[in-house]
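One structure below.
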Amino acid sequence: MEMSISVKKSSWVIAIVTALALMFSSLFSLNADAAAQTKGEKAAAYAQTLKGKPFKWGGTTTKGFDASGFTQYVYAKSLKVQLPRTSADQYKKGKSVKLKDLKAGDLVFYKTNGKSVSFVGIYVGKQQFIAATSNGVKIQSMNLTYWKSKYVGAKRNVN
């Protein structure tokens, strides 16, 4: 009788230790995954959850965005980073990045009015960016002739 109680106790101890080990290992792997995502990747991923939101001139909320309102909103909500309101003012902030060195979350700027920086998007990778266009928030290819001809540069505001 004493032996069976001893075996039951040791089985319980092994089960509890195993459960605790699994729990802690899953906690650490979740933290490792979160740490592996850069701030820029976090911003780019959040931006993509807003695909399809409508365009609104001067818009800064999910009810409707303009280009700079969209980037300002994404950075504020996903990273707690405050960007200036206009694309021209956003272009004045951050570290310049060469086209070949773009990373997810970098801001890409365009002269759509022909004179000065007037449009901004968030680089998502593979020569694509997401932005609030006149057709709503959508992913665009930077390789399209339209965007290539109007490209001004890129800035990195986060690591």
Study note, to complete from the structure: For the table Lys42/Lys115; Lys42/Lys63; Lys56/Lys100; Lys39/Lys100, the rows whose alpha-carbon distance is greater than 25 Å are Lys42/Lys115; Lys56/Lys100
Practice item. Starting from the Cα of Thr61, step 7 Å along the direction of its Cβ; do the same at Thr49; then give the gap between the two resulting points in nm. Key: 1.8
**Study point:** Ranked list, fewest to most other Cβ atoms within 10 Å of each Cβ, for Tyr146, Tyr110, Tyr73
**Key:** Tyr146, Tyr73, Tyr110
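Test of understanding: ordering Val137, Val152, Val120 by Cβ neighbours within 10 Å, fewest first, what list do you get? Can you show the working numbers first?
Values: Val137 24, Val152 16, Val120 29.
Ascending Cβ contact count within 10 Å gives the list Val152, Val137, Val120.
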Review point. Tell me, what ³J(HN,Hα) does each residue in the range 76-85 have, in order and in whole Hz, if you take phi through Karplus 6.51 cos²θ - 1.76 cosθ + 1.60 with θ = phi - 60° and put x for Gly and Pro?
Key: 5, 6, 8, 10, 6, 9, 8, 9, x, 6
Point to revise | In nm, spacing of pseudo-spin labels at Gln127 and Lys93 (7 Å Cα→C-beta vector) | key: 3.0
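Each value in this text was obtained by applying a stated rule to the coordinates, not by laboratory testing. Everything numeric here is computed off the predicted structure, so don't read it as measured data. Cβ: placed from backbone, ideal geometry, glycine included. Neighbour counts: every protein chain shown.
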